[in-house]
1. Which number in (1) crowded, with 19+ Cβ neighbours inside 10 Å; (2) out of contact with any strand residue (DSSP E or B) (no Cβ under 7 Å at 6 or more places or on another chain) marks the one condition that residue 187 misses?
2. Quick test for you: out of 156, 141, pick the one residue that is in contact with a helix residue (DSSP H, G or I) (Cβ under 9 Å, 6 or more places away or on another chain) and within 16 Å of the ligand (Cβ to nearest atom).
3. If you scan region 163-213, which residues turn out to be within 16 Å of the ligand (Cβ to nearest atom), more than 25 Å from residue 125 (Cα to Cα) and in a loop (DSSP other than H, G, I, E, B)?
4. Given region 22-139, what strands (runs of 3 or more DSSP E) lie entirely inside it while holding 1 or more residues that are under 18 Å from residue 175 (Cβ atoms)?
5. Quickly run through region 214-243 and pick out the residues that are in contact (Cβ under 8 Å) with a residue 40 or more places away in the chain and either exposed (fewer than 15 other Cβ atoms within 10 Å of the Cβ) or within 16 Å of the ligand (Cβ to nearest atom) (or both).
6. Give me the residue from region 195-207 that is surrounded by fewer than 24 Cβ atoms within 10 Å (Cβ to Cβ) and within 16 Å of residue 50 (Cβ to Cβ) and, out of that set, modelled with the lowest pLDDT.
7. Could you tell me which of the residues 57, 4, 19, 43 is within 16 Å of the ligand (Cβ to nearest atom) and touching a helix residue (DSSP H, G or I) at 6+ places or on another chain (Cβ under 8 Å)?
8. If you take the residues in region 23-46 that are surrounded by 19 or more Cβ atoms within 10 Å (Cβ to Cβ) and without any contact (Cβ under 8 Å) to a residue 60 or more places away in the chain, which one is nearest to the chain's Cα centre (by Cα)?
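The values are calculated or read from the model by the stated rules, or taken from the named source; none is laboratory data. Computed from a predicted model, the values in this text were never measured in an experiment. No Cβ is skipped: glycine too gets one built from the backbone with ideal geometry, and neighbour counts run over all protein chains shown.
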Ligand SMILES: [Zn+2]
C-alpha cells in the first residue's frame with residue numbers, strides 16, 4: 001500500500017510538504033499553525049473529525065526523536081484513509097467513535113532541525129548551540145535556546161529543577177534543562193494554549209524510549225489512566241512503566257499543569273531504542 005507519508009528526515013520543509021500533500025489528497029483534513037518556534041518555524045496541528053474533546057497526539061518534543069514526527073503523520077494518514085474508505089474515523093469494539101483526533105506532529109521543530117543539520121539550523125542561536133554541543137548534533141533534544149521542552153511545563157517544575165541540578169545541569173544544555181521559568185519557551189506555550197483552548201480528553205506524547213508506556217506523573221492521576229495504559233500495552237506489546245517521577249512525560253506534564261483545565265490523561269508511548277529523560 002502506497003503512502004504519502006514516506007520515511008525521510010523530518011525537516012520542517014519535508015513535514016510541510018507531507019502535511020499539505022495529505023490535505024490535497026484528503027480535503028477533510030484541517031491544518032492550522034498553533035504556534036511558532038524560537039527560530040520562527042511553524043508548529044502545525046492537524047485535525048481529523050469534529051468534536052469538543054479531541055484526542056491529542058504530540059510528536060517531536062525531542063530533537064533526536066524526529067522519527068516520532070513521521071509516526072504521528074503516518075497515523076494521521078491511516079485515519080484519513082479509513083475515513084475516506086469507510087466513512088468512519090475509527091471503530092472501537094465494534095462501535096464507531098466520533099471523537100476527533102488532533103495531531104501536533106512536531107512540538108519542537110528547531111530541535112529536530114538541529115539534530116538533523118547541526119548548529120547552523122538554529123539561526124541567531126547557532127553560536128549557543130555550537131558551544132553546547134560536545135558530540136554529534138543528533139544527540140540534541142532541546143529547543144534552539146538549550147531548553148528541554150519536556151522539562152519546561154508548569155508541572156512539578158521546581159522538583160524537576162532539583163533533579164536537573166543533581167545531575168549537574170544548571171543552564172542551557174542539549175537535553176534536560178527546564179528553562180529559567182516554567183513555560184518560558186514558545187513551543188511550550190503553544191502546547192499549553194492548545195490544551196487550554198481544546199480541552200483534550202486524552203493526550204499521548206510520542207518519544208523514542210524503548211517500547212515502554214509511561215502512564216503516570218505526580219499525584220494528579222485521572223482514574224482511568226491505568227486501564228487505558230493497559231489497553232495500549234495489550235495492543236502494542238509495550239510494557240508499562242510505573243516510574244512516576246524520574247522519567248515523566250510531556251503528556252503528563254501538560255495534563256498536570258495547574259494552569260491547565262485539560263482533562264488530559266497522562267500516557268506516554270515509546271518507540272525505538274533511544275534513551276530520553
Ligand atoms: Zn523524548
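1. Failed condition: (2).
2. The unique qualifying residue is 141.
3. 208, 209, 210, 211
4. So the answer is 55-58.
5. Of everything in region 214-243, those that are in contact (Cβ under 8 Å) with a residue 40 or more places away in the chain and either exposed (fewer than 15 other Cβ atoms within 10 Å of the Cβ) or within 16 Å of the ligand (Cβ to nearest atom) (or both) turn out to be 214, 215, 217, 224.
6. 201
7. Answer to the selection: 57.
8. For region 23-46, the residue satisfying everything is 46.
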